[in-house]
Structure formats: structure tokens, C-alpha cells
């Protein structure tokens with residue numbers, strides 16, 4: 001990407017209208033992010049339909065702003081309110097809460113914001129540097145290579161996100177099946193339509209996503225007891241000199257770890273941020289005088305940087321290969337498709353100006369979040385206390401309307417509602433949603449590239465070295481998951497036997 | 001009998017049943033497509049793909065059921081989290097006070113009631129929307145939800161419902177998003 005293309009990108013973004021859109025996106029994203037139980041994916045799912053009324057650059061700008069805002073909102077509530085929830089919010093609970101108790105919540109929030117900002121900016125530059133290189137390599141990819149890549153992406157996310165690879169893969173296959181309902185792209189045959197005209201159109205991405213991540217999340221919150229939300233005083237926003245010095249190293253390490261891990265499908269920002277926390281913890285222990293567990297600012301700075309670094313890293317495979325690394329990226333891919341853009345190497349070559357505009361918009365969104373959100377911390381804390389009984393129905397209605405807008409079909413509204421309930425059922429049964437979404441988004445190209453590869457040569461899988469490399473990587477993921485499963489089973493059996501012996 | 005009723009209440013059973021149903025539908029549809037295309041050509045290839053996907057899904061469900069009976073699978077993050085929590089507790093700090101992985105669930109009967117009513121209200125919203133329009137349908141939905149599901153006083157529901165319905169309808173009209181305005185009013189007019 002040449003400097004003049006990047007400058008042109010900035011020129012396109014720095015208009016009053018686009019800045020206003022970025023501002024609105026940051027605000028709306030943070031708004032959803034601070035609500036207990038909702039996160040960046042829900043924020044994108046709910047607001048996505050509205051962005052389709054904008055031009056592509058403004059639409060992606062808004063979605064990126066919503067995404068960052070959602071993540072920022074999540075860490076704000078994690079530090080300030082100590083709302084329990086996912087395992088990945090353990091670092092914020094272990095380190096943020098003691099800081100809050102000492103009246104240093106403001107410093108923790110400021111550190112989180114600055115670390116995220118640094119990671120966001122460095123990550124964007126990383127995308128500008130690495131993206132075009134990978135895109136050039138990907139230009140040489142034929143159907144077999146694409147097929148291998150998708151196969152790897154699906155196994156990686158199934159093995160990493162879920163505890164059980166088998167369950168992850170089952171969800172991925174279900175996603176593929178859902179995506180191919182309707183007319184077959186190659187032969188025109190009707191697949192799983194039962195002669196229905198409505199089903200022949202297939203399931204649209206928008207209502208399925210909004211159902212899974214919008215309505216599903218609301219229903220999940222509905223069947224849980226409300227958390228007691230106690231807002232702690234924020235205190236001074238300025239970190240002390242020691243706190244600032246302590247945060248520099250973890251921010252730098254977190255940014256790099258997050259960005260590079262984030263390139264791998266399945267390495268969701270929440271996972272990388274958690275891994276970074278455990279690494280920083282080990283590092284501090286090795287060096288002695290670890291403050292971890294007692295409110296270490298390193299435990300805020302590192303994971304926050306890793307989180308945003310991974311969020312940026314995920315854009316590299318999305319823009320250069322057309323492969324999302326997780327549900328948020330899958331939603332952005334869906335948005336690109338709605339705007340008529342095909343994610344893949346062309347984004348860095350033929351559509352370079354568009355991509356430069358989008359990357360510039362990431363930088364702008366990061367700056368806006370930094371200057372806008374810290375002064376508004378008090379407001380966010382108040383919004384987090386808005387009772388669920390008011391927020392629940394608003395989000396449900398926004399989801400239903402969103403699913404109606406794309407094709408103006410009541411079938412889509414029904415699909416959205418049904419998938420909300422399905423998401424709740426799958427969550428209760430501990431079946432992961434991320435592989436389902438990946439399978440659903442990548443399903444059509446998985447099928448096409450697989451069939452094209454077999455048409456090109458029935459023995460393509462031993463002839464194409466890049467395909468073989470991807471297949472080996474997928475096999476390695478499977479082997480890793482199998483070894484982990486065997487070890488977990490053995491440990492659980494041992495502890496069960498131990499308990500029996502004691503009785 | 002008790003085992004059967006326990007199975008009927010388990011979400012795993014329902015989820016696996018859903019997956020198996022999808023797998024069987026795919027398998028049957030795949031076979032049908034292959035037979036219709038007399039086993040050759042692109043239509044048959046489509047059939048093979050769908051049928052195979054259904055077969056693989058069925059196999060994965062069987063494996064998942066078998067795995068569930070033998071051990072509880074843990075994600076990488078959960079495994080690391082367990083080590084960290086154990087360290088914290090060894091250091092004499094109470095993690096449970098600060099962190100719970102899951103919020104306690106509401107009693108099953110209450111949860112079922114809330115879900116059923118929410119589902120019914122969503123269906124009612126869908127049915128009413130084309131007739132009475134977005135603003136009014138949303139106001140009714142929110143008011144009913146706040147009074148019945150969230151168990152607030154009726155006037156709180158009424159005020160909040162009107163405010164939310166009005167605000168969302170106004171917001172959409174400003175942004176230029178077209179929502180149904182209600183066929184009933186045109187019929188009356």
C-alpha cells in the first residue's frame with residue numbers, strides 16, 4: 001500500500017459527515033458494550049442493518065467504530081462494576097477490582113484506554129504492511145488452496161473456541177448445512193427446500209446473525225439472575241508515574257502478541273487477551289515481587305493491548321484472504337458482501353482506495369474513542385445500571401426490525417426470532433456458536449471450492465503443495481484437540497477415582 | 001420413568017435432537033438429489049455434498065454424546081483459568097467473591113415462563129406489525145414485556161412503552177429507515 005493511497009484514504013475519511021458517523025458508531029458501540037451481558041458482537045449484530053443505508057466506506061467505518069466501542073464498553077464495566085460473566089473477564093476481575101477498591105479505578109480505566117489505543121494504532125499499521133503482502137500471495141490461490149484454507153479455518157476455530165473439537169466441528173457442519181439451503185450455486189438444484197419458495201431463497205446472513213447474537217444474548221440474560229450492579233467511585237484518571245512505567249512493557253508485548261495471534265482463525269480477541277494475562281503473570285512471578293492478584297496495572301495494560309491487537313490482526317486474513325477469524329469478523333465479512341465487495345486479495349489491489357479509507361477510519365475511530373470515552377466514564381457507569389427490563393425489549397425490537405429491513409420479508413423476522421431461541425438452547429447444551437457462524441459464512445465457498453477442486457482433478461489433494469500444507473495444519477489442530485481431550489479425560493478419571501478411594 | 005423425564009429436561013438432549021434432525025434431513029435430501037440426477041452431473045455432486053455433510057454431522061453428534069458420558073470437555077481458556085484460580089486461592093485470596101464464571105440461573109419454572117411469554121410477545125409483534133405499524137406495535141410490545149415479564153407497575157410499562165415506541169419510530173424516520181406504517185389505518189381511511 002503506497003503512502004499516497006493511504007493519504008487519499010485519510011482524505012476520504014476526514015469529512016464532517018464521516019467523522020460524525022465514526023462518533024455515533026463509537027457512542028453506540030460503547031453503549032451496547034457497557035450493558036451487562038452484551039458485547040461487541042451483539043453491538044455489531046444489532047446495528048449492522050442500519051449501516052446498510054450508508055455508503056460502503058461509511059458503513060464499514062461505523063461498524064469498526066461500533067466494534068471498538070463495544071470492546072471499550074466491555075472493559076469499562078469489567079473494571080468498574082465487576083460484573084461476573086465469561087471466563088475471559090477473569091483478568092479484569094482479578095486486577096481491576098482490587099484497583100477499584102483502592103480508589104484507582106480511574107487510573108485503571110485510563111491505562112486500559114491508552115493501551116487499547118496504542119494496540120489499535122500499531123495494529124492498523126500492521127494491517128497496512130502485512131495485508132498487501134499476504135494478498136499478493138493469495139492472488140495465486142486456486143480453488144484447492146482456498147478449500148484447504150477454509151478447512152483449516154473451520155477446524156482451528158472448532159478446536160480453539162470450544163472445549164470439545166467434536167462439538168465445535170458439529171456446529172461448523174450445521175452452519176455449512178444452513179448456508180446451502182436454497183438453490184445450489186453450481187447446478188441450480190433445490191437443496192433442502194421441500195418445494196417451498198421461501199426456503200428456496202435460502203437463509204439470509206443478517207437475520208441468522210442478529211438472532212444468534214442479538215436475541216440469543218438477551219434470552220440468555222433473561223434466564224439468569226440479575227447481577228447486583230454496584231458502581232465504584234472512579235477517582236483520578238491520571239495514572240501515577242510508577243503505574244505509567246509499569247504499563248509500557250506489557251502494552252508493547254500485548255500489542256505484538258495480540259496482533260500476531262489474532263492472524264490465526266479461532267484466536268478471538270478475548271482468548272488472546274486471556275493468554276497474555278497468564279503470560280504476564282508468569283513473567284512477573286519469574287522476576288519476583290509479583291503484584292498480580294492484588295491489583296497489578298500490568299494485568300490491565302497487557303490484556304487490553306492484546307485484545308485490541310488481536311481485533312486488528314483479524315482484519316489481515318479477512319481483507320487479504322476473505323477468511324474471518326471469529327464471529328465479529330464474520331459479521332464484518334457479511335457487511336462487505338451486502339455492500340457488494342468481495343473480501344479477498346482484490347481488496348488490497350483493485351479496491352485499494354476503499355481499503356485505505358477503511359484502514360484510515362480505524363485510526364480515526366481509535367482517536368475518537370480515546371478522547372471521547374474517558375470523560376464520559378460517569379455516563380457509561382449510569383447506563384450500565386439501566387434495568388434490563390427496559391433495555392431487553394428495546395434490543396429485541398431493534399433486532400427484529402433489523403432482520404426485516406434487508407429483504408422486507410416476515411420470514412426473515414421469524415428466522416431471527418427462531419435463531420435467538422436456538423442460540424439459547426445451544427448455549428445451555430454447551431455447544432459453541434462461533435464455529436456455527438464460521439460454517440454458515442464460509443459454507444457456500446467451502447462447497448464451491450471443494451467441488452471445483454474435484455472437477456479440476458480428482459486427486460488434487462496430493463498434487464497441490466499449498467493445499468497439503470493447509471490440510472496438515474488442520475490435522476495438527478485436530479491432533480492437538482485429541483491430545484487435550486485424552487489428558488482431560490484421564491485427569492477427571494483420576495480425580496474421580498481419588499475421591500472414591502477417600503470415601 | 002424418572003430417567004426419561006430427566007432426559008426430556010436436559011438441554012443437551014434437545015440440542016442433539018435438533019442436530020440429528022438436521023443431519024437426517026440433509027442425508028435424505030442428498031440421497032434424493034443423487035437418485036433424481038441418476039448419479040451423475042452437477043446436481044448429483046450437490047446431492048453428494050449435502051448427503052455427506054449430513055452423514056458427517058450424524059457421526060459428530062454420536063461422538064459428542066459418547067464424549068459427554070465420559071468426561072467434561074474444557075476449553076484452553078478454562079484450563080488456564082482453573083490454574084490461575086487455584087494459585088489465587090493458595091495465596092489466600094478469595095476469588096469467588098470477585099469472580100463467578102456464570103451467574104446463578106433463575107428457577108426453571110420462572111425461566112420457562114419468561115421465555116414462553118417473550119416468544120408469544122415476539123409472535124404477537126410480528127402479526128400486528130403489518131397491520132398497526134411499527135410505532136404502535138413496538139409500544140404495545142415494550143409495555144406488555146415490562147409489565148408481564150419484568151413485573152413492573154402497569155403505568156411504568158405504559159409510559160416506557162409509549163416513550164420507546166415513539167423514540168424508535170422517530171429515530172428510524174430521521175435516519176431514513178423505512179418501517180411498516182400499518183395497513184389498518186389505510187383501510188379505515
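The values are calculated or read from the model by the stated rules, or taken from the named source; none is laboratory data. Quick caveat, the model's predicted, so the values are computed rather than measured. Quick reminder, even Gly has a Cβ in these numbers, built from the backbone with ideal geometry, and neighbours come from all protein chains shown.
A compact table of results
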| read-out | value |
| --- | --- |
| All positions within the stretch B:26-54 that are within 30 Å of residue A:485 (Cα to Cα) and facing chain A (nearest Cβ under 8 Å) | B:26, B:49, B:50, B:53, B:54 |
| Residue in the stretch A:167-189 that is surrounded by the fewest Cβ atoms within 10 Å (Cβ to Cβ), counting only those that are modelled with pLDDT of 90 or more and more than 22 Å from the chain's Cα centre (by Cα) | A:183 |
| Condition check for residue B:15: outside any helix (DSSP H, G or I) and closer than 30 Å to residue A:273 by Cβ | no |
| Test: residue in the stretch A:463-477 that is in contact (Cβ under 8 Å) with a residue 60 or more places away in the chain, under 24 Å from residue A:163 (Cα atoms) and within 10 Å of chain B (Cβ to nearest Cβ) | no |
| Among residues of the stretch A:274-299, those that are under 20 Å from the mean Cα position of the chain (by Cα) and modelled with pLDDT under 90, counted | 1 |
| Checking residue B:115 against (1) touching a helix residue (DSSP H, G or I) at 6+ places or on another chain (Cβ under 6 Å); (2) assigned to a helix (DSSP H, G or I); (3) facing chain A (nearest Cβ under 7 Å), the condition it does not meet | (1) |
| Count - residues of the stretch A:174-190 that are closer than 21 Å to residue A:318 by Cα and within 9 Å of another protein chain (Cβ to nearest Cβ) | 1 |
| Unmet requirement for residue A:493, which otherwise passes all of (1) in contact (Cβ under 8 Å) with a residue 40 or more places away in the chain; (2) out of contact with any helix residue (DSSP H, G or I) (no Cβ under 6 Å at 6 or more places or on another chain); (3) farther than 30 Å from residue A:332 by Cα | (1) |
| Qualifying residue in the stretch A:447-454 (condition: closer than 30 Å to residue A:337 by Cα, touching a helix residue (DSSP H, G or I) at 6+ places or on another chain (Cβ under 8 Å) and free of Cβ contacts under 8 Å to residues at least 24 places away in the same chain) | yes |
| Where residue B:98 falls short, out of the listed (1) at pLDDT 90 or above; (2) facing chain A (nearest Cβ under 9 Å) | (1) |
| Unique match (being within 27 Å of the chain's Cα centre (by Cα) and either under 29 Å from residue A:189 (Cα atoms) or free of Cβ contacts under 8 Å to residues at least 24 places away in the same chain (or both)) among B:23, B:37 | B:23 |
| Any hit, the stretch A:345-362, residues being under 19 Å from the mean Cα position of the chain (by Cα) and either surrounded by fewer than 22 Cβ atoms within 10 Å (Cβ to Cβ) or modelled with pLDDT under 85 (or both) | no |
| In the stretch B:55-82, residue surrounded by the most Cβ atoms within 10 Å (Cβ to Cβ) [restricted to those that are more than 7 Å from chain A (Cβ to nearest Cβ) and modelled with pLDDT of 85 or more] | B:58 |
| Condition check for residue A:489: at pLDDT 90 or above, surrounded by fewer than 18 Cβ atoms within 10 Å (Cβ to Cβ) and part of a helix (DSSP H, G or I) | no |
| Condition met for residue A:431 (under 28 Å from residue A:309 (Cα atoms), in contact (Cβ under 8 Å) with a residue 60 or more places away in the chain, within 12 Å of another protein chain (Cβ to nearest Cβ) and part of a loop (DSSP other than H, G, I, E, B)) | yes |
| Scope the stretch A:192-208; condition crowded, with 21+ Cβ neighbours inside 10 Å and either at pLDDT 90 or above or touching a strand residue (DSSP E or B) at 6+ places or on another chain (Cβ under 6 Å) (or both); matching residues | A:192, A:207, A:208 |
| Residue that is touching a residue at least 12 places away in the same chain (Cβ under 8 Å) and closer than 18 Å to residue A:44 by Cβ, where the choices are A:126, A:148, A:59, A:96 | A:59 |
